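A quick write-up on the structure given underneath.
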Amino acid sequence: MPRFAYLDTPKKKGRVRKKAANAERRKRREPADDTKVPAPATEIAGRSRADAPVTVYVRRETVRAVWREVKQDGGESVSELVEDLLLAWLRERTR
């Protein structure tokens, strides 16, 4: 290829060039192997969907204050404390 041959070819814009490159890569790929289907999220790491962690929003100041107290008392984690408190609350309500 001559030194300035790239100047003779029409330029493609960034997004178009990227899409064309991705399309070429997809064409060269081997057909999908049905035996390599990923496990559903419910089966990852041996957890069922009921055991999967859930995000709960709590004010930062509250979490930091609780974390300091848990560390002073030698507790393991704030997550375990929250789990214990929520379970105790549920048991109390079902009585």
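For D84, D73, which order do you get if you count the other beta carbons within 10 Å of each Cβ and list the fewest first?
D73, D84
How large is ³J(HN,Hα) for each residue in the stretch 80-95, as worked out from phi by the Karplus curve 6.51 cos²θ - 1.76 cosθ + 1.60 (θ = phi - 60°), to whole Hz, x for Gly and Pro?
Result, rounded to whole Hz: 5, 4, 4, 4, 4, 5, 5, 5, 4, 5, 5, 4, 5, 6, 8, 6.
Rule-based calculations on the coordinates, nothing more; no lab input. All figures in this text were calculated on a predicted structure; none of them were measured in a lab. Note that we place each Cβ from the backbone using ideal geometry, even for glycine, and neighbour counts take in every protein chain shown.
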